[in-house]
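A quick write-up on the structure given underneath.
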Amino acid sequence: MSLMNGKRGLIVGIANDHSYAYAIAESLMREEAECLFTHLPGDRMKRRCEKAVKQLGLDDPWLESMDAGSDNDLDRVFNRVREDFGSIDFLVHSIAFADKDWLRQGAFTGTPRDVFTQALDISAYTYMAMANRAVPLMPNGGSMISMSYYGAEKAVPGYNVMGVAKSALESATRYLAAELGERNIRVNSISGGPLRTMSALAVGGFGEILDWVERKAPLKRNVTGKDVGDTATYLLSDLSSGVTGQVIHVDCGYSSIGL
Ligand SMILES: NC(=O)c1ccc[n+]([C@@H]2O[C@H](COP(=O)([O-])OP(=O)(O)OC[C@H]3O[C@@H](n4cnc5c(N)ncnc54)[C@H](O)[C@@H]3O)[C@@H](O)[C@H]2O)c1
């Protein structure tokens with residue numbers, strides 16, 4: 001039997017077929033998961049997401065508009081999941097945002113308060129906000145993941161305020177895991193290597209990061225979406241039943257190297 005047979009979950013973060021969330025959905029669906037999706041508000045965002053989901057083989061997907069920065073949107077989407085399905089088994093949080101003007105070398109110290117607040121809100125707080133709404137939908141337990149990056153642990157030039165937000169996301173992962181474990185809800189994050197997505201291109205010097213990782217990582221290559229998608233499926237399946245509160249590096253080993 002497939003790993004995700006009989007499991008249903010919500011995937012937040014497919015912008016197009018380059019998104020990490022797309023690769024995660026592809027892997028989950030290969031293992032027979034039932035996937036529900038959200039897209040950022042707006043016709044263009046809806047069309048892009050619909051096109052990607054269609055490529056996954058779903059002609060009539062469950063797809064809702066949601067700005068994770070809006071409590072009303074979060075309530076509406078999770079209420080609709082409850083009305084339509086009653087429960088879910090997994091949640092994928094694969095979203096982040098920071099004003100790209102502040103994601104370039106030399107632009108960290110001057111980060112304005114509103115840029116900082118928005119980056120932390122969308123990229124970290126929303127994991128808690130979604131977890132809080134997912135808990136009542138997981139009466140028999142469940143598993144959730146978010147996407148982090150090495151810039152949470154080390155200063156990566158240009159990653160700047162997003163690095164601070166990812167540190168908060170990784171910390172939130174541990175606090176959520178500590179609180180939700182007694183409900184048999186597991187909470188983890190994947191620290192993914194650099195992948196050429198729409199968001200990644202907003203980080204100044206991203207091409208150099210890709211080149212550097214390819215030269216230095218033990219596997220001598222960059223990650224693929226499938227590398228991350230398959231680890232996500234492991235974390236969201238019963239194979240990882242004893243794993244919670246962890247940040248798992250899927251980065252071709254880059255984070256294990258000192259020089
Ligand atoms: N691409 C990389 O190199 C890389 C590496 C490690 C971690 N990550 C993380 O992976 C996750 C997915 O990013 P990606 O690289 O696939 O890029 P992407 O641009 O394909 O996806 C980012 C998603 O965030 C969504 N989003 C932004 N603001 C939102 C909001 N207010 N409400 C709801 N959704 C919102 C966008 O709609 C988009 O779907 C992010 O957390 C990112 O930081 C990316």
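With surrounded by fewer than 20 Cβ atoms within 10 Å (Cβ to Cβ), of a type in the set (D, E, K, R) and not in a helix (DSSP H, G or I) as the only criterion, which of 215, 221 stands out?
221
With the condition kept exactly as written, say whether any residue in segment 212-219 is acidic (Asp, Glu) and touching a strand residue (DSSP E or B) at 6+ places or on another chain (Cβ under 6 Å).
no
Got at least one residue in segment 49-65 being within 21 Å of residue 237 (Cα to Cα) and in contact with a Phe, Trp or Tyr (Cβ under 6 Å, 6 or more places away or on another chain)?
Within segment 49-65, not a single residue is within 21 Å of residue 237 (Cα to Cα) and in contact with a Phe, Trp or Tyr (Cβ under 6 Å, 6 or more places away or on another chain).
Is it true that residue 67 is outside any helix (DSSP H, G or I), in contact with a Leu (Cβ under 7 Å, 6 or more places away or on another chain), within 11 Å of the ligand (Cβ to nearest atom) and of a type outside the set (Gly, Ala, Ser)?
In short, yes.
Taking residue 15 as the residue in question, decide whether it is within 15 Å of the ligand (Cβ to nearest atom) and outside any helix (DSSP H, G or I).
Judged against the criteria, residue 15 is a match.
Would you pick out the residues in segment 26-53 that are of a type in the set (Ser, Thr, Tyr) and closer than 21 Å to residue 130 by Cα?
Listed by number, the list holds a single entry, 38.
Could you check segment 41-57 and list, in sequence order, the residues that are free of Cβ contacts under 8 Å to residues at least 24 places away in the same chain and not basic (Lys, Arg)?
Within segment 41-57, 42, 43, 50 meet the criteria.
Can you name the condition, by its number, that residue 152 falls short on among (1) within 16 Å of the ligand (Cβ to nearest atom); (2) free of Cβ contacts under 8 Å to residues at least 12 places away in the same chain?
All conditions pass for residue 152, except number (2).
Keeping to segment 170-188, report how many residues are under 14 Å from the mean Cα position of the chain (by Cα) and free of Cβ contacts under 8 Å to residues at least 60 places away in the same chain.
The qualifying residues number 2.
Just name the residue that is nearest to residue 200 (Cα to Cα) out of those in segment 18-40 that are in a helix (DSSP H, G or I) and within 10 Å of the ligand (Cβ to nearest atom).
Out of the qualifying residues, it is 20.
Considering only residues that are acidic (Asp, Glu) and in contact (Cβ under 8 Å) with a residue 24 or more places away in the chain, look in segment 74-95 and name the one that is surrounded by the most Cβ atoms within 10 Å (Cβ to Cβ).
So the residue we want is 89.
Need pairs with beta-carbon distance below 7 Å; first residue within 17 Å of residue 122 (Cα to Cα) and within segment 1-22, second surrounded by fewer than 18 Cβ atoms within 10 Å (Cβ to Cβ); sequence gap 6+ or separate chains.
15/198
Any residue at all in segment 123-143 that's buried (at least 17 other Cβ atoms within 10 Å of the Cβ), under 18 Å from residue 198 (Cβ atoms) and among the aliphatic types (A, V, I, L, M)?
Within segment 123-143, none of the residues are buried (at least 17 other Cβ atoms within 10 Å of the Cβ), under 18 Å from residue 198 (Cβ atoms) and among the aliphatic types (A, V, I, L, M).
Residues being surrounded by fewer than 18 Cβ atoms within 10 Å (Cβ to Cβ) and either among the hydrophobic types (A, V, I, L, M, F, W, C) or under 23 Å from residue 29 (Cα atoms) (or both): count how many of those fall in segment 96-107.
1
Does residue 80 satisfy the criteria of being part of a helix (DSSP H, G or I), within 15 Å of the ligand (Cβ to nearest atom) and out of contact with any helix residue (DSSP H, G or I) (no Cβ under 6 Å at 6 or more places or on another chain)?
Judged against the criteria, residue 80 is not a match.
Does residue 43 meet the test of being more than 15 Å from residue 236 (Cβ to Cβ), within 13 Å of the ligand (Cβ to nearest atom) and among the charged types (D, E, K, R)?
No, not satisfied.
Laboratory data are not the source of any read-out in this text; all were calculated from the coordinates shown. Being a predicted model, the structure only gives us computed values, none of them experimental. Here Cβ is always computed from backbone atoms with ideal geometry, including for glycine, and neighbour counts include all displayed protein chains.
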